[in-house]
1. Yes or no: region 99-110 includes at least one residue that is surrounded by fewer than 14 Cβ atoms within 10 Å (Cβ to Cβ) and outside any strand (DSSP E or B).
2. Taking the stated definitions as given, is Y114 assigned to a loop (DSSP other than H, G, I, E, B), without any contact (Cβ under 8 Å) to a residue 40 or more places away in the chain and over 16 Å from D27 (Cβ atoms)?
3. Report yes if T74 is within 23 Å of L45 (Cα to Cα) and either surrounded by fewer than 16 Cβ atoms within 10 Å (Cβ to Cβ) or not basic (K, R) (or both), otherwise no.
4. Every residue in region 101-122 that is closer than 15 Å to G43 by Cα and small (G, A, S), please.
5. Right, F92: modelled with pLDDT of 95 or more and out of contact with any strand residue (DSSP E or B) (no Cβ under 9 Å at 6 or more places or on another chain) or not?
6. Listed residues R128, R139; which is modelled with pLDDT of 95 or more and touching a Cys at 6+ places or on another chain (Cβ under 9 Å)?
7. Which numbered condition in (1) modelled with pLDDT of 95 or more; (2) part of a loop (DSSP other than H, G, I, E, B) is the only one that S34 fails?
8. Which of the residues that make up region 47-65 are buried (at least 20 other Cβ atoms within 10 Å of the Cβ), within 11 Å of P83 (Cα to Cα) and free of Cβ contacts under 8 Å to residues at least 60 places away in the same chain?
Amino acid sequence: MKKIIAMLFFVAIATSGFSQNHNNENDKFSHRQSIQAELFGHGLLYSINYEYVLINQQKFKTAAQVGISYYPPTTSYIPIWIPIGINEIISFGKHHLEVGIGQVITTEMGHNLYGEEERDWEPFLSGRLGYRYQQAGGRLVVRAGLTPLFEYGPKDLHLSGALTVGYCF
């Protein structure tokens, strides 16, 4: 997985020399914060996420993201999913390549040796490789990508995709 991400990052940097070369301050995002609704992805079926662009350069941007999704106990899904990640955004005008890594923290209710209810927190390693549409001064962000999860315990890889729509402010 690390080799794939490194290779895609290298390809993006190498091909950047062939894209339009214009030095324009307007290539930076005017609005560095966003609220996003994501289908599938790191929240299993859905998540609501907050993102903040930490580094906002013309070609490269770095964004931190945190989200949450909740499923009632009657659904038989793990009830709470908290995706946390950092994404590198490589810009080609209003089109962007997005590569990221993070952690998804899930929680389930269980019982200890004394029969008392307790929460069990389980982390997953997460990744992101995808496309992002966002104009430099625009308020709309649309994302689509591959969002794999790696389970530490049984060492299982779960592949999934995500579709995201958000509002920048």
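1. Checked against the condition, which is being surrounded by fewer than 14 Cβ atoms within 10 Å (Cβ to Cβ) and outside any strand (DSSP E or B), region 99-110 yields no hits at all.
2. Spelling it out, Y114 is indeed assigned to a loop (DSSP other than H, G, I, E, B), without any contact (Cβ under 8 Å) to a residue 40 or more places away in the chain and over 16 Å from D27 (Cβ atoms).
3. yes
4. Passing the criteria: only G102.
5. For F92, the condition - modelled with pLDDT of 95 or more and out of contact with any strand residue (DSSP E or B) (no Cβ under 9 Å at 6 or more places or on another chain) - is met.
6. Step by step, each of R128, R139 is checked, and only R139 is modelled with pLDDT of 95 or more and touching a Cys at 6+ places or on another chain (Cβ under 9 Å).
7. Checking S34 against (1) modelled with pLDDT of 95 or more; (2) part of a loop (DSSP other than H, G, I, E, B), the one that fails is (2).
8. Within region 47-65, S47, Q65 qualify.
The values are calculated or read from the model by the stated rules, or taken from the named source; none is laboratory data. In this text the structure is predicted, and so the values were computed from the model without any measurement. When we count neighbours, we look across all protein chains shown, and the Cβ atoms used for this are built from the backbone with ideal geometry, even at glycine.
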